[in-house]
Amino acid sequence: MPIAVAETISALRTITADARATGSRIALVPTMGALHDGHLALVRRAAEMADLVIVSIFVNPLQFGPAEDLERYPRSLAEDLARLEPLGVQAVFAPTATEMYPTGASDTRVTAGRVGSLYEGHTRANHFDGVLTVVSKLLNIAQPDVVLFGQKDAQQVFLVKRMIVDLNLPVIAEVVQTVREDDGLALSSRNRFLDTNERRAARGLSLALEAAESSADRGLEAVLAAAQSVLMGEHFVELDYLTVVDPESFLPVDGTHRGRAVVLVAARVGTTRLIDNGAIYLTDNHS
Ligand code: PAF
């Protein structure tokens, strides 16, 4: 069956109402389009968990700052639909900005709080307020049983999960592992902007995470030093932040932290800003 493309909220609500009437379980995969294999992994997981899979494709102006790449952000609806067709996606929600924000940038926002102003939020002021606002709107519009996100955007995952708890939203968040190129580069819609030299340098982010992981048994300082030394060796890579956070609070850990932790890295590679993250385990066992 061809994918039903709903451009309006009411068109999508007709689709979801019909599905609900037959007892179907609904999954929502929110995206900004320019779909790559990372998105497709979310869709495949969604199809395992639900009867009706909805992919939303909306480049959300609210999460871009004035100096950011909103205009440059890739838009490729026809190609996106062609990639989704073989996966059994029944519906795509592709609203215009006016459909989503009929009065312009709405004044009502979900605020991401302190963690929302750190790391990505420090470089991109109000970014996560924009993300949480659009995600809560999409959840209200589609009312899915499950919503899926990629682990590559670890801070986004943390904040969305916390919003779901804090606002008692009746949805399960499912997180899918980062999909990587053969050399480790995390898939991202922005990778297409990298030229050959930048593409080669961009693997520095995942190499830094690997170095961090293999230094974890020597403690936090060794983790940071190992990752930094990889990144400093890459031309074209300008580090924005490298930090290790507690997955429970998403606040930076200090040298006394033991157990699971997440290494976050963001860097500008040429003019393209990339992020990545990896899990580590910090122990007492420093040699
Ligand atoms: O991760 C993204 O692509 C976006 O932040 C999201 C979740 C679709 C909200 O616009």
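Structural remarks
- Long-range neighbours under 8 Å by Cβ, at least six apart or interchain, first residue closer than 17 Å to G150 by Cβ within segment 171-196, second of a type in the set (F, W, Y): A173/F149; E174/F149; V175/F149; V176/F149; S189/Y73
- For segment 173-200, the set of residues classified as in contact with a helix residue (DSSP H, G or I) (Cβ under 8 Å, 6 or more places away or on another chain) and among the polar types (S, T, N, Q) consists of Q177, T178, S188, N191, listed by residue number.
- The set of residues from segment 156-206 being more than 13 Å from the ligand (Cβ to nearest atom), touching an Asp or Glu at 6+ places or on another chain (Cβ under 9 Å) and among the β-branched types (V, I, T) comprises V171, I172, V179.
- Between V179, V160, V230, V171, the distinction of being modelled with pLDDT of 95 or more and within 24 Å of S117 (Cα to Cα) belongs to V160 only.
- Filtering H286, H257, H235 for residues that are surrounded by 13 or more Cβ atoms within 10 Å (Cβ to Cβ), at pLDDT below 95 and on the phi < 0 side of the Ramachandran plot leaves a single hit, H286.
- Residue among L62, L42, L77, L70 that is touching a helix residue (DSSP H, G or I) at 6+ places or on another chain (Cβ under 7 Å) and either touching a residue at least 12 places away in the same chain (Cβ under 8 Å) or at positive phi (or both): L62
- Considering residues of segment 53-69 that are within 13 Å of the ligand (Cβ to nearest atom) and of a type in the set (A, V, I, L, M, F, W, C) only, the residue nearest to R273 (Cα to Cα): F64
- Only one of the numbered conditions (1) more than 14 Å from the ligand (Cβ to nearest atom); (2) surrounded by fewer than 16 Cβ atoms within 10 Å (Cβ to Cβ) is not met by L209, and that is (2).
- Residue ID - farthest from the ligand (Cβ to nearest atom), chosen from residues in segment 20-31 that are buried (at least 18 other Cβ atoms within 10 Å of the Cβ) and of a type in the set (A, V, I, L, M, F, W, C): I26
Conditions tested, residue by residue: (1) over 22 Å from the mean Cα position of the chain (by Cα); (2) more than 26 Å from K161 (Cβ to Cβ); (3) among the charged types (D, E, K, R).
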| residue | (1), (2), (3) |
| --- | --- |
| E7 | yes, yes, yes |
| A34 | no, no, no |
| R45 | no, no, yes |
| P61 | no, no, no |
| E68 | no, no, yes |
| S106 | yes, no, no |
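- Residue match in segment 77-86 (condition: at pLDDT below 95 and either under 25 Å from T14 (Cα atoms) or among the basic types (K, R) (or both)): no
- Residues located in segment 110-133, provided they are of a type outside the set (A, V, I, L, M), farther than 25 Å from N168 by Cβ and away from the ligand (no atom under 12 Å from the Cβ): Y119, H122, T123
- Among the residues making up segment 88-140, those that are part of a loop (DSSP other than H, G, I, E, B), among the hydrophobic types (A, V, I, L, M, F, W, C), under 21 Å from I54 (Cβ atoms) and in contact with a Leu (Cβ under 7 Å, 6 or more places away or on another chain) are A94, V110.
- Matching residues, segment 37-61, being farther than 14 Å from L148 by Cα and either surrounded by 17 or more Cβ atoms within 10 Å (Cβ to Cβ) or out of contact with any Ser or Thr (no Cβ under 9 Å at 6 or more places or on another chain) (or both): D37, F58, V59, N60, P61
- Residues considered: A6, A11. Of these, the only one that is at pLDDT 95 or above, farther than 16 Å from V179 by Cβ and touching a strand residue (DSSP E or B) at 6+ places or on another chain (Cβ under 6 Å) is A6.
- Filter result for A47 (aliphatic (A, V, I, L, M), more than 12 Å from the ligand (Cβ to nearest atom), closer than 25 Å to A154 by Cα and out of contact with any Leu (no Cβ under 9 Å at 6 or more places or on another chain)): no
The values are calculated or read from the model by the stated rules, or taken from the named source; none is laboratory data. Keep in mind it's a predicted model, so treat the numbers as computed, not measured. All Cβ positions, even for glycine, are placed from backbone atoms using ideal geometry, and neighbour counts span all protein chains on display.
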